[in-house]
Amino acid sequence: MDTIAFPFPDTTAFAVINKTDSILGNSLRFGEVDIFPEAALESKTGIYNKANNYTGQTLNLNFSFLAPANDTLKKRPFVLFVHEGAFLYGTLDNEMGKAKYFAQKGYATAAINYRLGFNGGSESNICGSTKQELIRTVYRAVQDTYAALFYFTSNAETLGIDVSQIFLAGSSAGNITISSLAYMKESDFEVLDPGIIKLLGALDPHQTAKRFKLRALLTSLGYGLLKGSSFSAATAKPTIFFQRTGDNVLPYENGSLFFCTSYPMISGAKTTSDQLVTFKIPFELNYEVETGHVLSFPETYISKRYALFIKRFWKKDYRQIISEKYTVISDKKIN
């Protein structure tokens, strides 16, 4: 089910992961209960990389890390949060509420800032750019997320991170970023924008994907999988979705990014979850039959569903669940 390369033989990797999954799934940690009060958490901030934005300006890319202090568990599952903002605005602060929720349950967590902006695009005229510019801004965001993962995996021992238990969480544009990291190769981007590698450099220069095991994707505020990605039964990741059927920023099914006709085509939560059905991959789709991009689900509820989704996954309780608002309308166990 999980095919990303691992830095030691697969037989060892899967033996370790299977044992760890069982321990984590049956632990009192990582569920709904706050094992650690907020006062027992440690936070760290810093710079994980420097990179040039679309204008050529060099930026310091920073992070905020949060985890239980003085923890008896030396290696904790790690959730990296990537914020929303149409690749134009937003900061890591938008994700720290969910990061704190997970840290109090026993996880190591972090949120990052990444390079924003693209030629012609603005908050007042989001459709003022081109497909090529959007592909490049997604590419830069994926580069930055890989750079952050390189930083955290390089410091895994100090930070208490289990590199075999990495989860990516995204909101809106952050979802496009993490799904692109999970499913797109340099060659996929090159097809969409010939010459992008020569222009912007390697997508993952440190081959970070070989340093960790990506277990699942946690998404809210819509979803966006770029057409032309290497999304298949062999690469698909367990995923939880939160999206409105009338989302007017990211299509619920298929459409152009931000509903701008000149921008890249993406698949939303409905279309992607339909494919996960055929791939027999666990997922949870939470939808609202409402118009607009912003969800009415409280952040605490979204975080709770994320945590329960991971717990089921660790226990090998593989399910495909569909909920309208708070009501489960379909719950199928994968054999």
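Can you tell me which residue is surrounded by the fewest Cβ atoms within 10 Å (Cβ to Cβ) among those in the range 49-92 that are of a type outside the set (S, T, N, Q) and at positive phi?
We begin by selecting, within the range 49-92, every residue of a type outside the set (S, T, N, Q); these are 50-51, 54, 56, 59, 61, 63, 65-69, 71, 73-90, 92.
Filter once more, so that each one left must be at positive phi: 56, 85-87, 90.
Details: G56: 6, G85: 16, A86: 21, F87: 29, G90: 20.
Of everything passing the filter in the range 49-92, G56 is surrounded by the fewest Cβ atoms within 10 Å (Cβ to Cβ).
Just checking, does the range 263-273 include any residue being surrounded by 18 or more Cβ atoms within 10 Å (Cβ to Cβ), touching an Asp or Glu at 6+ places or on another chain (Cβ under 7 Å) and either part of a helix (DSSP H, G or I) or modelled with pLDDT under 95 (or both)?
yes
Within the range 105-132, how many residues turn out to be crowded, with 20+ Cβ neighbours inside 10 Å and either without any contact (Cβ under 8 Å) to a residue 40 or more places away in the chain or polar (S, T, N, Q) (or both)?
The total comes to 4.
Rundown of residues vs (1) touching a Leu at 6+ places or on another chain (Cβ under 8 Å); (2) of a type outside the set (D, E, K, R); (3) surrounded by fewer than 21 Cβ atoms within 10 Å (Cβ to Cβ); (4) within 23 Å of M96 (Cβ to Cβ), yes/no style:
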residue: R136; (1), (2), (3), (4): yes, no, no, no
residue: R140; (1), (2), (3), (4): yes, no, no, yes
residue: T145; (1), (2), (3), (4): yes, yes, no, yes
residue: L149; (1), (2), (3), (4): yes, yes, no, yes
residue: N155; (1), (2), (3), (4): no, yes, yes, yes
residue: G160; (1), (2), (3), (4): yes, yes, yes, yes
residue: L181; (1), (2), (3), (4): yes, yes, no, yes
residue: L199; (1), (2), (3), (4): no, yes, yes, no
residue: D204; (1), (2), (3), (4): no, no, yes, no
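Of everything in the range 87-114, what is over 24 Å from S27 (Cα atoms) and in a strand (DSSP E or B)? Give them in sequence order.
Once the filter is applied, which keeps residues that are over 24 Å from S27 (Cα atoms) and in a strand (DSSP E or B), the range 87-114 yields A111, I112.
Has the range 126-142 got at least one residue that is touching a helix residue (DSSP H, G or I) at 6+ places or on another chain (Cβ under 7 Å) and aromatic (F, W, Y)?
Taking every residue of the range 126-142 in turn, at least one turns out to be touching a helix residue (DSSP H, G or I) at 6+ places or on another chain (Cβ under 7 Å) and aromatic (F, W, Y).
Mind checking whether some residue in the range 236-244 is surrounded by fewer than 24 Cβ atoms within 10 Å (Cβ to Cβ), touching a residue at least 24 places away in the same chain (Cβ under 8 Å) and closer than 22 Å to N113 by Cα?
No, the range 236-244 contains no residue that is surrounded by fewer than 24 Cβ atoms within 10 Å (Cβ to Cβ), touching a residue at least 24 places away in the same chain (Cβ under 8 Å) and closer than 22 Å to N113 by Cα.
In the list G228, G222, which residue meets the criterion of being within 26 Å of D317 (Cα to Cα), in a loop (DSSP other than H, G, I, E, B), touching a residue at least 12 places away in the same chain (Cβ under 8 Å) and under 19 Å from the mean Cα position of the chain (by Cα)? Walk me through it before giving the result.
Working: G228 fails: within 26 Å of D317 (Cα to Cα).
The unique qualifying residue is G222.
Just one of L295, L308 is part of a loop (DSSP other than H, G, I, E, B) and either hydrophobic (A, V, I, L, M, F, W, C) or without any contact (Cβ under 8 Å) to a residue 24 or more places away in the chain (or both); which is it?
L295
Could you list all residues from the range 82-140 that are among the charged types (D, E, K, R), closer than 30 Å to D71 by Cβ and in contact with a Phe, Trp or Tyr (Cβ under 9 Å, 6 or more places away or on another chain)?
Of everything in the range 82-140, those that are among the charged types (D, E, K, R), closer than 30 Å to D71 by Cβ and in contact with a Phe, Trp or Tyr (Cβ under 9 Å, 6 or more places away or on another chain) turn out to be E95, K98, K105.
Do we have G106 as modelled with pLDDT of 95 or more and on the phi > 0 side of the Ramachandran plot here?
Details: modelled with pLDDT of 95 or more: yes; on the phi > 0 side of the Ramachandran plot: yes.
Taking the combined requirement at face value, the residue satisfies it.
Residues are listed down the side, and each one gets a yes or a no for (1) loosely packed, with under 15 Cβ neighbours inside 10 Å; (2) closer than 25 Å to P77 by Cα; (3) touching a Pro at 6+ places or on another chain (Cβ under 9 Å); (4) not basic (K, R):
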| residue | (1), (2), (3), (4) |
| --- | --- |
| L250 | no, no, no, yes |
| F259 | yes, no, yes, yes |
| L276 | no, yes, yes, yes |
| L295 | no, no, no, yes |
| K311 | no, yes, no, no |
| I322 | no, no, no, yes |
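The values are calculated or read from the model by the stated rules, or taken from the named source; none is laboratory data. Nothing here was measured: the structure is a model prediction, and the numbers come from that model. Glycine also receives a Cβ, built like all others from the backbone with ideal geometry; neighbour counts cover every protein chain displayed.
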